[in-house]
Each structure stands twice: as structure tokens, then as C-alpha cells.
Amino acid sequence: ASDFRGDPASALLEALDPEQNAQFSDHYLEAPFDLSGVLFMATANSLDTIPGPLLDRMEVIEVESYTQEEKVEIAKRHLWPKQLASHGLAKSQVRLGAKALLAVIDGYTREAGVRGLERELATICRKAAMRRMEVENPGQIVIGPDAVKEYLGSPKFLRMGVLKAPETGVVNALAWTPSGGETMPVEAVALPGSGAVDLTGRLGDVMKESARTALSYIRSKTDSLGIDSGFYKEHDLHIHVPEGATPKDGPSAGVALTCALVSALTGKPARQDVAMTGEVTLRGRILPIGGVKEKLLAAHRMGIGTVLLPEENARDLSDLPQDIFLQGLEQCLV
């Protein structure tokens, strides 16, 4: 923030720079202080709002979002026992099943951390304590996945299921969000018309550019793809990414946009047990992307066994929990 009261970033520039903070001048005490031996730690939710000169004086340590498996372990070992104790309950009085815990994580929280998850678990404990008071001999309350709705109401978040059979013009893309990875179906349809291109689903500027790049690449390769070279004059193209209320942006959907358009124009169905991510250039090169770990875990969560990744992202596979590959996720580098 910078206003008439001053600019905190300007003060931090001097305080955080070891080359000049040995004689930091404190305007309140009017005395110099040696800050060169001080270790400063700062946190931020986003790097975009930090001024470049200030960011240059910092060592940035990225803290990745928790995976679903990590959230389950954190909840079982720490959050659930903590909430039971806070509400005067014992483990023998209320038991939350593993599948019920997954239902809470998947249907009621969509976050990078576990703050929201702890709040939902606290709600379950409060209602469980109330139910025990209403019954004379309550015994142990066992909360299964079907009972979660009774305690927390209808799920706040619903995931679109993956289609079983191959579908023309539909391809599964992978997206990174602050709350983790997501599978994102990309739909394309070719209609008789005069060459208009319609993009819907609250797509950002970068994603719209990726769609135009994909279309230009397809026009340059019509012969090898078996597409009529004049398709752009005789057809209107409509590209849609469902869940239109959610903004979507980024270049990593380029591969999926290209494949969805090719499928729609050729009439060849696309496999729905495959997900893909990668940026496409006008020459058809596949550029590397970020968030590989989150994206692969999202595909695994949705039961997708094959993922197409840019070859340069092979170095990121070492960060993925090995049990994911052991459970059937194949790696395909393109």
C-alpha cells in the first residue's frame, strides 16, 4: 500500500538490503541501528503485488499447496484430535471415517491449506456434541460419507465427472489453481457459418490468445490433419470451457484447445481417459508449463490414467509422490 501516509515498500528497501542496512535510520527513535545481522522473514499470498526492486532483495521460497493425501493425514493426526478435545469429546464418542473425511475435503473445502477444513471439522464436532446431549445413552457416533450432508448440508463444490466413452470435440485439460490442480474439459464444435470464432466460459486474455494460436496452427497443417483447407470460411467455431462462473486463464491449455478443435473439425472422437497440458506455439512446439505436481494429482484424483506432458517437464516428475505412479498413472512426454 502506498498513500499520503507513506510507502512501506520504500522503507523496506533499505531495511532488507544488507549492503545499506548497517546504518538504518529509525525516524521514531532518531537513532541509527545495525540491521545487517538480522534475518527478516516475510509472507505473502501473491508475488504479483510486491514491487520488483523489493522482491529482488529477497530469497523467494515457494510453499506448495497440500495434496489431498496430505490433507487427509494432517486432519487425522492433528486437526480432528484437536477439535475433539476443544469440544469436550473423546475418540471413543465420535468417529469420523476415512471416506467421510475425503468427502469433507472434496465437497466442502477448496483451498491450498487446511483452515477451511478445520472449520468444517469444528462444525461436525459441535453438531455431534449436541446430538449426544439429546440422547440418553448415545454410544459412539460414527460419521460415514453419507452422513456428512446431515452435519454440513449440501456440498459447496461439485466436481464434473470424466466422460467414459470417447467424445467428439471434448478434451480433458489440466489446470493449476491456488487451491490445487483441477481437470478442465475443453469443448469445441464446428457449425455451418462464415468463419466466426466464439470463445465462452470466462476465458482470460492469455487463454483466448492460446485458442487463436491453436486455430492458426491447424490452418497451417490442414493437409496433414486431413481437414478441408477452407474450413475457416465455411464453419463457425465455438470453444467453451464449462463452469462459466469461474475465471480461467493461462497458456497451458494450448494443447487441449488444439486437440479439441482438431477433433471437432475431423469428426474423430477424443479419448476421455487421457488428460493433457502444455503451451502450443504457431510452429506446433509444445512448451513446458508449471504446476505439474498439482495437475498430475488432479488427474489421479479423477481416475485418469494417462497424462500428456511437455517433454521438458520430465524434471518435475521427481517431485511427485511415487505411490501415484504405482497406482496406475502413466507418464507420457510429448
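Please verify whether Ala100 is out of contact with any Pro (no Cβ under 8 Å at 6 or more places or on another chain), farther than 30 Å from Ala260 by Cβ, modelled with pLDDT of 90 or more and open to solvent by less than 40 Å² (accessible area, probe 1.4 Å), treating the condition exactly as stated. In short, no. What about Arg219, is it over 16 Å from Ser252 (Cα atoms), under 19 Å from the mean Cα position of the chain (by Cα) and either without any contact (Cβ under 8 Å) to a residue 60 or more places away in the chain or surrounded by fewer than 21 Cβ atoms within 10 Å (Cβ to Cβ) (or both)? No. Taking first residues from region 136-152 that are among the basic types (Lys, Arg) and partners that are surrounded by 11 or more Cβ atoms within 10 Å (Cβ to Cβ), the Cβ contacts under 9 Å between residues at least 6 apart in sequence or on separate chains come to Lys149/Ala103; Lys149/Gly107; Lys149/Pro155.
The lone criterion from (1) farther than 23 Å from Gln272 by Cα; (2) crowded, with 18+ Cβ neighbours inside 10 Å left unmet by Trp176 is number (1). The residues on offer are Pro247, Pro242, and the sole one that is within 23 Å of Phe157 (Cβ to Cβ) and open to solvent by 50 Å² or more (accessible area, probe 1.4 Å) is Pro247.
If you go through region 286-317 and keep only what is open to solvent by 30 Å² or more (accessible area, probe 1.4 Å) and aliphatic (A, V, I, L, M), you end up with Ile286, Leu287, Met302, Leu308, Ala314. Restricting attention to region 112-154, and to residues there that are open to solvent by less than 70 Å² (accessible area, probe 1.4 Å) and touching a strand residue (DSSP E or B) at 6+ places or on another chain (Cβ under 6 Å), which single residue is nearest to Gln93 (Cα to Cα)? The residue in question is Ile141. Identification of helices (runs of 4 or more DSSP H) wholly contained in region 1-91 with 1 or more residues that are of a type in the set (Lys, Arg) and surrounded by 12 or more Cβ atoms within 10 Å (Cβ to Cβ) yields 68-74, 80-86.
The values are calculated or read from the model by the stated rules, or taken from the named source; none is laboratory data. This is a predicted model, so every value here is computed, not measured. Cβ atoms come from the backbone with ideal geometry, glycine included; neighbour counts cover every protein chain shown. SASA here: full protein model, heavy atoms, side chains in, ligands and nucleic acids out. Shrake-Rupley method; radii C 1.70, N 1.55, O 1.52, S 1.80 Å.
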